[in-house]
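J.: Below you will find the structure I want to go over with you.
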Amino acid sequence: MAHLKREDWYDLTRTTNWTPKYVSEEELFPEEMSGGRGIPMEAWETYDEPYKVTYPEYVTTQREKDSGAYSVKAALERDAFVDRADPGWVSTMIAHYGAIALAEYLAVTAEGRMARFAKAPGNRNMAVFGMMDENRHCQLQLFFPHANTQRSRQWDWAHKAYHSNDWAAIAARSFFDDVTATRDAVAVSIMLTFAFETGFTNMQFLGLAADAAEAGDHTFASLISSIQTDESRHAQQGGPSLKILIENGKKEEAQALVDAAIWRAWKLFSVLSGPILDYYTPLEARKQSFKEFMLEWIVAQFERQLLDMGLDKPWYWDEFIRALDETHHGMHLGVWYWRPTVWWNPAAGVTPEEREWLEEKYPGWNDTWGQCWDVIVDNLLNGKPELTGPETLPLVCNMSQLPIVGTPGNGWNVKDYQYEYEGRLYHFGSEPDRWCFQQDPERYKKHMSLIDRFLAGEIQPADLAGALIYMGLEPGEIGDDAHNYEWLEAYKQKVDSAA
Amino acid sequence: MALFPIHSNFECDFVIQLVPVDTEDSMDQVAEKCAYHSVNRRVHPQPGKILRVRHHENGIIFPRDMKVEEAGLRPTETLDILFMDE
């Protein structure tokens with residue numbers, strides 16, 4: 001039987017905007033779910049997805065990708081790479097799975113919202129595939145770590161993290177709830193797919209895949225590369241939405257959605273990818289610094305895409321570029337210092353050799369971040385480990401839900417961007433974080449940060465032990481130094497040779 | 001006397017921290033309670049210097065003997081703790 005070429009029938013079959021007979025258009029596409037923004041249906045019908053795929057093509061390709069990823073896993077399982085991998089790399093995987101696996105499942109619902117409620121038929125069609133993509137990503141990233149639960153309970157946090165009140169889980173939920181679970185279809189296409197997936201999944205999935213291959217972890221490299229090929233397809237849903245908004249006089253609104261999502265995504269990745277790329281990955285396996293990767297893959301890409309589309313660079317762009325030298329160092333130091341509160345074992349990543357690398361990549365590191373680490377190293381060398389752990393909580397931002405950090409030491413510039421709204425004092429880690437809140441206070445005002453919950457008496461007893469119980473961290477899951485402080489040997493040798 | 005939460009933005013440290021103080025505490029006592037969570041943990045001590053408390057937003061340095069309840073602070077307000085000569 002002769003088959004028509006895809007281009008001869010694709011447009012016709014996915015043009016599914018029939019005229020509703022039994023309900024009104026408003027009932028079929030409620031504004032709060034569809035987000036049509038008063039733009040007529042004919043305009044949404046011009047949505048032209050840049051990546052066209054049919055169901056048979058999709059299924060064939062996905063089957064091949066799945067067999068590839070699962071075969072690599074099966075073939076390398078006997079090799080027991082995890083047992084001989086650098087502990088910093090193991091922490092990378094455990095942190096990654098906990099932070100990402102169930103967020104993928106949340107993304108299924110976001111794609112589902114577009115698949116049902118987008119007024120653009122092309123968006124609905126792509127989102128059906130996107131929905132299946134995200135389901136696959138969730139399944140893969142639950143199945144792969146599950147094989148390692150026999151090694152440590154921390155691996156179980158791939159499934160557990162999002163069901164807990166761990167601070168990192170609260171931060172991740174806050175972001176993903178904002179851009180995926182509580183927005184209309186158009187906003188989801190812009191905030192989740194354009195702002196988050198186009199840029200930031202590159203960071204976690206391409207940057208990390210490169211380091212994984214260098215570290216010898218071919219299972220993980222093949223898994224996340226396989227996922228990224230889906231992301232790069234369905235991330236293209238936001239572009240055509242933006243085009244329609246801009247053509248119909250909604251540029252300002254589109255810009256605000258992009259600006260808020262890019263900033264919020266950046267903050268989340270500053271605590272996830274930043275420490276992994278610059279501190280956890282063994283020195284010899286690092287392909288690029290976090291900042292280099294950000295500049296090449298995120299900054300340059302967004303600048304080009306935003307301008308091509310007729311949008312502007314976000315108003316905070318200069319601050320964003322400046323923060324590439326700062327924020328993730330603070331997040332890393334915070335995670336390491338408050339290490340009992342995370343489900344992975346943070347690698348310090350500050351041997352003398354690693355500090356040389358940090359100084360080269362971030363000139364001035366030793367004079368700023370290095371000063372804090374000097375005190376920590378002295379305490380560990382002098383038998384005062386109790387001074388290297390927390391006795392109180394850091395202030396967390398009411399937008400990112402992450403600690404409010406800045407540059408320490410001789411570059412000290414830490415600042416709390418406070419804002420009083422309806423009698424409540426809110427705290428923010430930056431001007432853009434505060435701006436996100438001010439854009440839509442009704443959306444955010446009732447959220448309780450971890451500190452708000454602590455002060456409201458929700459964490460009992462009101463100490464570290466109570467906090468760990470509140471966060472769901474059980475014995476065997478509580479984080480400690482990834483290398484069991486063996487990295488101090490290099491400092492001991494320095495002290496010995498000086499004496 | 002009542003517990004009063006403030007946030008400590010300690011000079012040379014990298015993070016702001018929650019510190020419970022008392023409404024009867026003087027600013028010197030506030031500085032001391034904040035120092036406990038920063039000095040010798042991530043901040044080198046600075047012998048010969050004294051610690052002063054500064055309003056984070058308007059930059060006014062509080063008198064050393066001023067009590068927390070006299071300072072017009074809002075609960076959870078952030079305070080800068082600075083090493084100074086006097």
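The values are calculated or read from the model by the stated rules, or taken from the named source; none is laboratory data. Quick caveat, the model's predicted, so the values are computed rather than measured. Note: ideal-geometry Cβ built from the backbone for every residue, glycine included; neighbour counts use all protein chains shown. Quick note on the areas: whole protein, heavy atoms, side chains included, nothing else; ligands and nucleic acids left out. Shrake-Rupley method; radii C 1.70, N 1.55, O 1.52, S 1.80 Å.
J.: Scan the stretch A:122-141 and report the pairs whose first residue is closer than 21 Å to A:PRO240 by Cα and whose second residue is at pLDDT 95 or above and β-branched (Val, Ile, Thr), with Cβ atoms within less than 6 Å and a gap of 6+ or a chain change.
T.: Between residues of the stretch A:122-141 that are closer than 21 Å to A:PRO240 by Cα and residues that are at pLDDT 95 or above and β-branched (Val, Ile, Thr), the close pairs are A:MET131/A:VAL108; A:GLU134/A:VAL108.
J.: Restricting to the stretch A:432-449, what's the tally of residues that are in contact with a strand residue (DSSP E or B) (Cβ under 6 Å, 6 or more places away or on another chain) and either facing another protein chain (nearest Cβ under 10 Å) or over 28 Å from A:GLY472 (Cβ atoms) (or both)?
T.: Final tally of qualifying residues: 2.
J.: Another one. State all residues of the stretch A:376-395 that are among the hydrophobic types (A, V, I, L, M, F, W, C), facing chain B (nearest Cβ under 9 Å) and either under 22 Å from B:ILE6 (Cβ atoms) or open to solvent by 10 Å² or more (accessible area, probe 1.4 Å) (or both); if no residue qualifies, say none. Explain how you work it out, then say what you get.
T.: First pass over the stretch A:376-395, keeping only residues among the hydrophobic types (A, V, I, L, M, F, W, C): A:376-377, A:380-381, A:387, A:393, A:395.
From the residues that got through so far, the ones that are facing chain B (nearest Cβ under 9 Å) too are A:376, A:387, A:393, A:395.
Within the stretch A:376-395, A:LEU387, A:LEU393, A:LEU395 meet the criteria.
J.: Being among the hydroxyl-bearing types (Ser, Thr, Tyr), modelled with pLDDT of 95 or more and within 30 Å of A:ARG153 (Cα to Cα) narrows it down to one residue among A:TYR444, A:TYR470; which is it? Step through it out loud before you land on a result.
T.: Details: A:TYR444 fails: within 30 Å of A:ARG153 (Cα to Cα).
That would be A:TYR470, the only listed residue that is among the hydroxyl-bearing types (Ser, Thr, Tyr), modelled with pLDDT of 95 or more and within 30 Å of A:ARG153 (Cα to Cα).
J.: Can I ask one more? Restricting attention to the stretch A:220-248, and to residues there that are open to solvent by 30 Å² or more (accessible area, probe 1.4 Å) and part of a helix (DSSP H, G or I), which single residue is farthest from A:ALA127 (Cα to Cα)? Let's see the steps before the verdict.
T.: Taking the stretch A:220-248 first, the residues open to solvent by 30 Å² or more (accessible area, probe 1.4 Å) are A:222, A:225, A:229, A:232, A:236, A:243, A:246-248.
Right, trim to part of a helix (DSSP H, G or I) and you get A:222, A:225, A:229, A:232, A:236, A:243, A:246-247.
Working: A:SER222: 24, A:SER225: 21, A:THR229: 15, A:SER232: 13, A:GLN236: 10, A:LYS243: 18, A:ILE246: 21, A:GLU247: 22 Å.
Top of the filtered list is A:SER222.
J.: Given the criteria open to solvent by 10 Å² or more (accessible area, probe 1.4 Å), part of a helix (DSSP H, G or I) and farther than 25 Å from A:TYR485 by Cα, does A:GLU420 qualify?
T.: Working: open to solvent by 10 Å² or more (accessible area, probe 1.4 Å): yes; part of a helix (DSSP H, G or I): no; farther than 25 Å from A:TYR485 by Cα: yes.
So A:GLU420 does not fit the description; no.
J.: Is there any pair linking a residue in the stretch A:183-200 that is closer than 12 Å to A:SER232 by Cα to one that is not in a helix (DSSP H, G or I), with Cβ under 8 Å and at least six apart or on different chains, and which?
T.: Every condition considered, no pair remains.
J.: Here's a follow-up. Quickly run through the stretch A:396-410 and pick out the residues that are touching a strand residue (DSSP E or B) at 6+ places or on another chain (Cβ under 7 Å) and facing chain B (nearest Cβ under 8 Å). Walk me through how you get there before you give the answer.
T.: Keep residues of the stretch A:396-410 that are touching a strand residue (DSSP E or B) at 6+ places or on another chain (Cβ under 7 Å), which gives A:396-399, A:402-405.
A:PRO403, A:ILE404, A:VAL405 - these are the residues of the stretch A:396-410 that are touching a strand residue (DSSP E or B) at 6+ places or on another chain (Cβ under 7 Å) and facing chain B (nearest Cβ under 8 Å).
J.: Restricting to the stretch B:1-53, name every residue that is away from every other protein chain (no Cβ under 12 Å), over 15 Å from B:LEU82 (Cβ atoms) and open to solvent by 30 Å² or more (accessible area, probe 1.4 Å).
T.: Matches in the stretch B:1-53: B:MET1, B:ALA2, B:GLU24, B:GLN29, B:PRO47.
J.: So A:TRP89 fits all but one of (1) open to solvent by less than 10 Å² (accessible area, probe 1.4 Å); (2) modelled with pLDDT of 95 or more; (3) closer than 30 Å to A:VAL342 by Cβ; (4) of a type outside the set (S, T, N, Q); what number is the exception?
T.: (2)
J.: Yes or no: B:GLU86 farther than 27 Å from A:LEU333 by Cβ, at pLDDT below 95 and either assigned to a helix (DSSP H, G or I) or more than 9 Å from chain A (Cβ to nearest Cβ) (or both)?
T.: Details: farther than 27 Å from A:LEU333 by Cβ: yes; at pLDDT below 95: yes; either assigned to a helix (DSSP H, G or I) or more than 9 Å from chain A (Cβ to nearest Cβ) (or both): yes.
Considered against the rule, which asks whether it is farther than 27 Å from A:LEU333 by Cβ, at pLDDT below 95 and either assigned to a helix (DSSP H, G or I) or more than 9 Å from chain A (Cβ to nearest Cβ) (or both), B:GLU86 comes out as yes.
J.: Any idea which residue in the stretch A:102-121 is surrounded by the fewest Cβ atoms within 10 Å (Cβ to Cβ), counting only those that are in contact (Cβ under 8 Å) with a residue 60 or more places away in the chain and small (Gly, Ala, Ser)?
T.: Out of the qualifying residues, it is A:ALA103.
J.: Give all pairs with beta carbons closer than 7 Å in which a residue from the stretch A:40-66 that is in contact (Cβ under 8 Å) with a residue 60 or more places away in the chain meets a residue that is open to solvent by 60 Å² or more (accessible area, probe 1.4 Å) and of a type in the set (Ser, Thr, Tyr); count only pairs at least 6 apart in sequence or on separate chains.
T.: A:LYS65/A:THR229
J.: Which of the residues spanning the stretch A:128-158 are of a type outside the set (A, V, I, L, M, F, W, C) and buried (at least 18 other Cβ atoms within 10 Å of the Cβ)?
T.: Here is the first cut: in the stretch A:128-158, the residues of a type outside the set (A, V, I, L, M, F, W, C) are A:130, A:133-137, A:139, A:141, A:145-146, A:148-154, A:156.
Hits for the stretch A:128-158 are A:GLY130, A:ASP133, A:GLU134, A:ARG136, A:HIS137, A:GLN141, A:PRO145, A:ASN148, A:GLN154, A:ASP156.
J.: Which pairs have Cβ atoms under 8 Å, sit 6 or more apart or on different chains, and link a residue in the stretch A:303-319 that is closer than 18 Å to A:ASP433 by Cβ and touching a residue at least 60 places away in the same chain (Cβ under 8 Å) to one that is part of a helix (DSSP H, G or I) and open to solvent by 50 Å² or more (accessible area, probe 1.4 Å)?
T.: A:TYR316/A:GLU431; A:GLU319/A:GLU431
J.: Only one of these is over 30 Å from A:ILE190 (Cα atoms) and away from every other protein chain (no Cβ under 14 Å): A:TRP343, A:TRP336, A:TRP315. Name it.
T.: Details: A:TRP336 fails: away from every other protein chain (no Cβ under 14 Å); A:TRP315 fails: over 30 Å from A:ILE190 (Cα atoms).
The match here is A:TRP343.
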